[in-house]
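Comments concern the structure below.
The values are calculated or read from the model by the stated rules, or taken from the named source; none is laboratory data. Since the model is a prediction, treat every value here as computed from it, not as a measurement. Cβ placement follows ideal geometry from the backbone for every residue including glycine, while neighbour counts extend to all protein chains displayed.
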């Protein structure tokens, strides 16, 4: 029995050093080669940080593109979904309210044309991206509020569309913060 206790203590010490010291150092070192040096890609305007590329923000003004809803109010400290399933009446009411809001501010829109990402929250509640369809359904509203030609805004959407990862994985998407900053640049 003494033999097994010593083996288990040695294994525990080896795993503690490996997983609590070496692995975090390797991850931190690798993070240093990413955008933002592991601290996240900060987006700045006029020397002031306005947001992070990988954390969604709330845009509610009609002259801006709206992002994906958040179940946690875009709180990066407590990211997470709502844990409500599609049969939960509270969840169905939230989704229905989001649909109604989109239809109210986009009167030419039909309910069937609303993509799921515009009315359902992501698992983290921090998704910074929307689908191309999610952007296209908002162009008429934004063009009307900003008094800009719809084609100009559609071109801006195309310019800000990110293709699938390595051209293979996932759908094309658009970072809402970057798109809205580019939209503000149009006015200038």
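Computed quantities for the displayed model
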| quantity | calculated |
| --- | --- |
| Selection count where residues are without any contact (Cβ under 8 Å) to a residue 12 or more places away in the chain and at positive phi, scope the stretch 101-156 | 1 |
| Yes/no for residue 125 being assigned by TED's automatic domain parsing to the domain that holds residue 76, buried (at least 21 other Cβ atoms within 10 Å of the Cβ) and under 25 Å from residue 85 (Cβ atoms) | yes |
| Failed item in (1) over 25 Å from residue 43 (Cα atoms); (2) touching a strand residue (DSSP E or B) at 6+ places or on another chain (Cβ under 9 Å), with residue 181 passing the rest | (1) |
| Qualifying positions in the stretch 77-110 - part of a loop (DSSP other than H, G, I, E, B) and over 25 Å from residue 138 (Cα atoms) | 79, 80, 82, 83, 84, 85, 86, 87, 88 |
| Scope the stretch 133-155; condition surrounded by fewer than 17 Cβ atoms within 10 Å (Cβ to Cβ) and either under 16 Å from residue 69 (Cα atoms) or in contact with a strand residue (DSSP E or B) (Cβ under 8 Å, 6 or more places away or on another chain) (or both); matching residues | 133 |
| Residue 73, sole failed condition from (1) assigned by TED's automatic domain parsing to the domain that holds residue 120; (2) in a helix (DSSP H, G or I) | (2) |
